1. Remind me, relative contact order of region 60-110 in percent, using alpha carbon pairs under 8 angstrom and six or more residues apart?
2. Apply 1/(1 + (r/R0)^6) to the Cβ-Cβ distance of E283 and A341, taking R0 = 41 Å, and write down the FRET efficiency to the nearest 0.05.
3. Spelling out what I want: for every residue of region 336-346, take phi, set θ = phi - 60°, compute 6.51 cos²θ - 1.76 cosθ + 1.60 (Karplus), and round to whole Hz; glycine and proline get x.
4. Taking the simple approach of a point 7 Å from Cα along Cα-to-Cβ for both D180 and A327, what is their distance in nm?
5. Run the 1.4 Å probe and let me know the accessible area of F140, rounded to the nearest 10 Å².
6. When only DSSP loop residues count, what trypsin sites (Lys or Arg not before Pro) in region 181-211 have their Cβ near at most 13 other Cβ atoms within 10 Å?
7. With every protein chain left in place and a probe of 1.4 Å, what is the accessible surface of E249, to the nearest 10 Å²?
8. For Y267, Y304, Y278, what's the largest-to-smallest order of accessible area, 1.4 Å probe?
Amino acid sequence: MARRRTPRRPSRPSPAPRVEAASRSSALTARRVGFAFAAVLALVAIFLATRPEGIDAVRRRAEAASARKDWGEALTLWRRVNASPSATAATRLEEGRACLALGRAAQGEAALREATAADPKLAKAWALRLEILRVEDRWFDASAVGWEAFEAVAPEDRAAVLRELTLAAISDLPDDLARDALKKWIAADPEDVEAEAALQRRIGADPRSDDPDRPTRLARLEELVARHSGSPSAREALATLLADGGDVERGREVLDAWPEPARDGRYDRLVGRWKLEYDARPEEAVGPLARAIEAAPHDWRTHYRLARALTILGRREEAAKEAKATARIREALDPMTLGPALEDAFAKVDRPSARATIADACARVGLDRLARAWRELPAAPPAPAQTSTGAAGTSRPMP
């Protein structure tokens with residue numbers, strides 16, 4: 001009998017391939033998770049890099065840049081702050097300070113004007129505005145700004161405002177110092193019409209061998225007036241240059257085209273000069289010259305012209321009064337005596353005797369309102385002024 005053969009069981013597959021497949025699958029999953037995580041991180045990084053920086057962070061960076069005197073960076077950052085709803089008088093003051101440190105006086109003046117509009121009590125912003133006006137010898141503007149500031153600031157800050165206003169009125173900057181500042185401002189901002197007009201006036205008053213010649217200056221001033229027709233400073237500089245060169249008719253055209261809203265004391269004294277010296281009409285010169293003196297009582301040249309006009313008209317008593325005023329003011333403004341006296345008085349401005357000295361100096365040149373304000377300051381000492389070198393050591397330099 002044949003022996004039955006037991007069928008062979010099929011052999012079980014080895015578990016190794018399944019383990020290997022699972023391992024490959026896990027590795028693939030891990031790589032996919034890793035890629036996804038990396039992609040998420042990249043997206044987060046891109047988001048953080050492109051997300052607008054918070055204005056508080058910009059302000060902190062601006063403060064840090066100002067502290068280390070990185071004025072270019074500071075100006076960029078302060079302008080970002082001031083373009084936002086977070087702008088304040090203080091941040092506009094900081095923008096103005098950065099502009100001035102970079103020599104951009106016109107831009108600084110604009111920022112400081114916005115600062116005082118936002119907070120009229122901000123004495124530092126007013127003081128810096130007055131310093132700019134002093135360097136540019138813009139007395140008519142300085143007078144308006146100074147008295148507005150005097151009325152706006154706290155009583156304890158009025159002495160600082162009066163100090164800057166007094167310096168703008170009766171303490172002329174040395175020519176070299178003023179020229180250097182103005183040239184720096186023009187180089188930093190070629191569109192600064194006020195700085196260029198001020199430099200042109202200084203050159204005209206005291207030309208030097210290395211200054212541009214008259215035709216060059218004349219062409220430049222005509223260009224300035226054409227581009228900035230409403231600027232009294234540029235128009236005054238051009239009219240004066242034409243008058244000094246005997247080009248009377250072209251100067252008359254400049255005066256006739258002077259915009260009505262900009263006709264201040266600068267216009268009046270030029271019209272008075274034309275009526276007196278070129279038109280031989282002293283009776284028509286008296287009115288504008290008197291108005292110019294009312295706005296700038298310390299301008300001895302206008303007193304002198306008025307004295308001449310009155311003499312021609314036979315009004316001898318009035319003419320003698322103006323002649324005496326001319327001599328008195330010229331003597332009082334002598335920098336050799338005025339400079340040291342003011343320097344000493346401002347160093348002790350908390351003392352009544354020092355304030356009286358300043359008041360007397362103002363009164364001698366006809367600045368009665370300024371003299372009265374010094375005498376009426378409260379007895380409490382004002383905040384100490386920071387003194388440094390300038391005209392006769394009495395003016396702070398621009399920051």
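The values are calculated or read from the model by the stated rules, or taken from the named source; none is laboratory data. No experiment lies behind these values; they were computed from the predicted model shown. As a convention, Cβ positions derive from the backbone with ideal geometry for all residues, glycine included, and neighbour counts pool all protein chains shown. Please note that ligands, DNA and RNA were not included when accessible areas were found on the heavy atoms of the full protein model with its side chains. Shrake-Rupley method; radii C 1.70, N 1.55, O 1.52, S 1.80 Å.
1. Values: 45 pairs, mean separation 15.2, N = 51.
Relative contact order comes out at 30 percent.
2. After rounding to 0.05, the efficiency reads 0.55.
3. 5, 9, 5, x, x, 5, 5, 4, 5, 5, 5
4. 3.8
5. Approximately 30 Å² of F140 is accessible to the 1.4 Å probe.
6. Details: sites: K183, K184, R201, R202, R208; in loops: R208.
Sparse-neighbourhood loop trypsin sites (Lys or Arg not before Pro): R208.
7. Rounded to the nearest 10, the figure is 110 Å².
8. Working: Y267 40, Y304 115, Y278 70 Å².
The ordering from most to least exposed comes out as Y304, Y278, Y267.
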